[in-house]
Amino acid sequence: MSSIGVDPLPASDSQITSQRPSAHTQRYDRQLRLWASSGQSSLEKSRILVIGASALSAQILKNLVLPGIGSFVLLDDSIVDAADLGVNFFLQPGESEGKYAAEEMCRLLTDMNTSVASEAKLEDPATLLQTDPGFFAAFTLVISVNQSRSFDMALSDTLWALQPPSPQIPLLRVRSAGMLAEMQISLKELGIIETHPDSVLDLRITRPFPELLELAQQFDLNTSDTMEHSHIPFPVILIKKLAEWRSTHDGQLPASKDRDAFVKLINASRLAGNLDAENFDEAVSALGKHLWRPLASKGAGGGGVPDEVEAMFEDAACSNVTPASTNFWILVRALREFVATSPTKSLPLSGSIPDMKATSSGYIKLQNTYRSKSLQDLAQFKQLVAETCRAAGVQGTIADDEIEAFVKHAGYLKLIRGRSERQRSQAPNQETAMLAFMDPVNPCTFQHHIALAAADEFLEQHGRYPGVAQVSSSSSIAAVPTTFVDANGLEATTSADDQHRAAKRQKSETPTGELDASVADVKMRDLTTGHDTSKDEAELLALAKTMATTKFGLSEDGDEWERIEQSVGELVRSGDASLPPTTALMGGVVAQEAIKLITKQYIPADNTVIYDGIQQAVGTFRL
C-alpha cells in the first residue's frame, strides 16, 4: 500500500497509542484552539491575586481555574457565616461555616483542577498594602473585588509606579450591586501581537512581488481550452486584470467609482458557453477583501502598513529601544526597518493562501511561490531583529515562535495605553460620557457608572453603601458591633464591616423562589427591617449629579437625568446585594478579560465594562 502513496498501518497498538494527543492536550483541547500552546503556556505560568473572598470572587476564579492558570492567592480575613452559604456556591453548608472564607474557597475551587496551586492569605488587604506593598508586585495580574475606592486607588498607584525591570501588573477593579456590575482595567501599556483578526490572508494583489508576477505570466486568460481556462487561480486572474487596467489608465489602480467597470473587465474574460467558471466567481467575490479594502486603506490587508502600525513606527518607544524595552517594541523597531528597506514599502508576507478552484499542480505552484517569499521575508526579518537587539544592547534572543507569530500578524498589531484608577477618577473622558447617552442604537449603561461612583463616595462618607442600614454613628467601616439574636435564640454580634459583607450576600433564594430560612436570620434585610432608604437615595442622587456635572460635563437639564435617577434608585433598592445571576455573568466577563491580558491575545476591553442585568446589556467605554 505504501508504494502508491498511502501511509502504512501502525505496526502495533503501542504505536497507535503514541500517536494520540497527550492527556494535557486532550484536557485543554477546546481552549488550545482559541489561544494555542503559546497562550496556554502563558496561562499555566501565571500567578493571580484576587482580593476579597466573595461570591463574585468565586465565579471569577472558577473561570480561571478551569482553563488552568498556574496559581492564585485569595486575600481576605473574613469568616464564613450562614449568609455566605446562600450566594456562594464554593462554600459547603454545615462544613464551611465559622471557617475562613479564603481557605474554604481555595479548597473547593482547586477541586475542579488539581493542577492549579492556591493559597489563602488571611490578612486585611488595606493593612497589608500599608505594611507590605511589595507583596502586590509579585503577581501576573491583580483582581480587586468589591473593595473601597480609596483602597483600589492606593493599590493602583502602587502597581502603576512599578518601573522596569519589574513587569507591568494589570489591575482589574470589579464591583457588583444587585443587577448592576462594573469592571475597570488599570493597564499602563500592552502590545498585542496575536489579535486574532477574521483573516490574515495577504495575497498582494495590489502590490505583487516579482516571483508572483512571473508565475502569473504562465497562465493564459485567452486560452480556448475550457479545462485550462476554468482552473486559472483567482489571484492570477486579479493580478492580470489589474495589469490590463493599469495599461489603459496611465498606470493607475482602479478607484472606488470604478468598481462596476473593473468587474465588467473581469467578466469579459469568461469563455462564452463555459458554465464551469467558478474561478471567475471567486475572483469577483475576492474583490472586496483583496482589492477594494487595501486600496481604501493605503494597502492595509494587502501588504501595506495600517495607520495604527504606522503610528507605532513613530512612537518614542520604537525609536529609543533599550535593554529595558519589551519584545514587542524590539519587534516593532525591526518591522520599521524591514518596511523601510522593502522596494514596495510592504510588510513581511504571511505566506498562507485560501482554498480555490485550480488544478493540483497550479495550486501547488502558487502555494510554493507565496511560501518561498514568506520564508525569504522571515529570514530577513529575523536578521533585522538580531541587529536591533545588538544595537540596543539587549541580552538574549527572542524565540522563533514569537517572531513568526509577529510576522504573521504584522498588519494587525494592537497597542493599548491605558489609564490608572486615579487618572480615570480625577480626569475621566467627558466625550465618552456624552456619546454614551447619545447612542441611538445600543441600550445606555453609562448611567450606572455614575451611580456606582457616587456609591463609592457615599461609602467614604458614611462607612456603608446606600441602602444598607446605619448601625453606628461612626463613619468608619470598622464601626461599633451590633448585637442581634440568631435563629437559636443566642446573641451574636456583627460589625459594620460584617454587615457590608452580609449586604453582598442578601436575597438568597431557594430553587422554588422562596426565601432560604437558614439565611434569613442573618441576612442584611432582617437587620434593617423598616429602614427608610429615601434619605440615602436623595443623598446618592445629589452625589451623582455633582459627579455628572463636574467630572463628565453633563448639563443639569439634560435628558440623561431620568436614566441616572433610575440607576440611583435601583442601586439603593438593591442594598448592595450580591445576586447569583449577576455574579455568574460578571465572573465570566472578568475571567475572559483576565485571560486576554495574561495570554496577550485578542483585544481586551479598554478600559471600563458595565453590565445592566435589567436591560440585559453590556457597555464598554474608555474613561
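Bear in mind that the values in this text are calculations on the coordinates, not laboratory data. Bear in mind that the values here come from a model prediction, so they are computed numbers and not experimental data. Cβ coordinates were reconstructed from backbone atoms using ideal geometry, including for glycine residues, and neighbour counts include every protein chain displayed.
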Using the scaling law 2.2 N^0.38 Å as the reference, what is the normalised Cα Rg of segment 391-440?
1.98
Phi to ³J(HN,Hα) by Karplus 6.51 cos²θ - 1.76 cosθ + 1.60 over segment 383-395, Hz, x for Gly, Pro:
5, 5, 4, 4, 5, 5, 5, 5, 5, 8, x, 7, 7
May I ask for the angle, rounded to the nearest 10°, between helix 560-574 and the longest principal axis of the chain, with both axes built from Cα atoms and the value confined to 0 to 90°?
50 degrees
So for segment 91-159, using the alpha carbon gyration tensor with a ≥ b ≥ c as root eigenvalues (a/c under 1.5 gives rounded; past that, a/b versus b/c decides prolate or oblate), I'd call it prolate
In degrees between 0 and 90, to the nearest 10, how far off the longest principal axis of the chain does helix 234-247 point, with axes built from Cα atoms?
70 degrees
Inter-label distance for Ala23 and Gln130, nm, one decimal - labels placed 7 Å from Cα along Cα-to-Cβ
4.8 nm
Per residue of segment 333-348, what does 6.51 cos²θ - 1.76 cosθ + 1.60 with θ = phi - 60° give for ³J(HN,Hα)? Whole Hz please, x for Gly and Pro, Karplus curve as stated.
4, 5, 5, 4, 5, 5, 5, 5, 8, 6, x, 9, 6, 9, 6, x
Label Gln168 and Asn274 with points 7 Å out from Cα along Cα→Cβ: what is the distance between them in nm?
5.4 nm
Tilt relative to the chain, helix 29-45 - C-alpha long axis, 0 to 90 degrees, to 10:
60 degrees
Is the shape of segment 219-358 rounded, prolate or oblate, going by the alpha carbon gyration tensor and its root eigenvalues a ≥ b ≥ c, with a/c under 1.5 for rounded and a/b larger than b/c for prolate?
prolate
Calculate the FRET efficiency for Lys99 and Lys45 from the Cβ-Cβ distance with a Förster distance of 30 Å, rounded to the nearest 0.05.
0.45
My understanding is that a pair violates if its Cα-Cα distance is over 20 Å; which of Lys188/Lys345; Lys289/Lys357; Lys298/Lys365; Lys289/Lys596 do that in this structure?
Lys188/Lys345; Lys298/Lys365; Lys289/Lys596
Between Tyr100, Gln423, Leu34, whose Cα lies farthest towards the positive end of the dipole of the chain when Lys and Arg beta carbons carry +1 and Asp and Glu beta carbons carry -1, centred on the Cα centre?
Leu34
For the pair His196 and Glu123, how long in nm is the line joining their label points, each one 7 Å along Cα→Cβ?
3.6 nm
Please identify the GluC sites (Glu not before Pro) of segment 283-370 that satisfy two criteria: DSSP loop assignment and at most 11 other Cβ atoms within 10 Å. Which are they?
Glu314
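If you take the Cα Rg of segment 45-185 and divide it by 2.2 N^0.38 Å, with N the number of residues, what do you get?
Here the answer is 1.02, to two decimals.
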Kirkwood Rh (inverse of mean 1/r, distinct Cα pairs), segment 535-623, angstrom:
15.3 Å
Please report the equivalent ellipsoid semi-axes of the chain, computed as sqrt(5 x eigenvalue) of the Cα gyration tensor, largest first, in whole Å.
56, 29, 25
Calculated FRET value between Ala161 and Gln430, using beta carbons and R₀ = 35 Å, to 0.05:
0.85
Figure the gain on full extension for Ala538 and Gln92 (residue separation times 0.36 nm, minus the Cα-Cα span) and round it to one decimal in nm.
156.6 nm
Test of understanding: what is the full-extension gain from Glu308 to Ser247, defined as 0.36 nm times their sequence separation minus their Cα-Cα distance?
18.7 nm
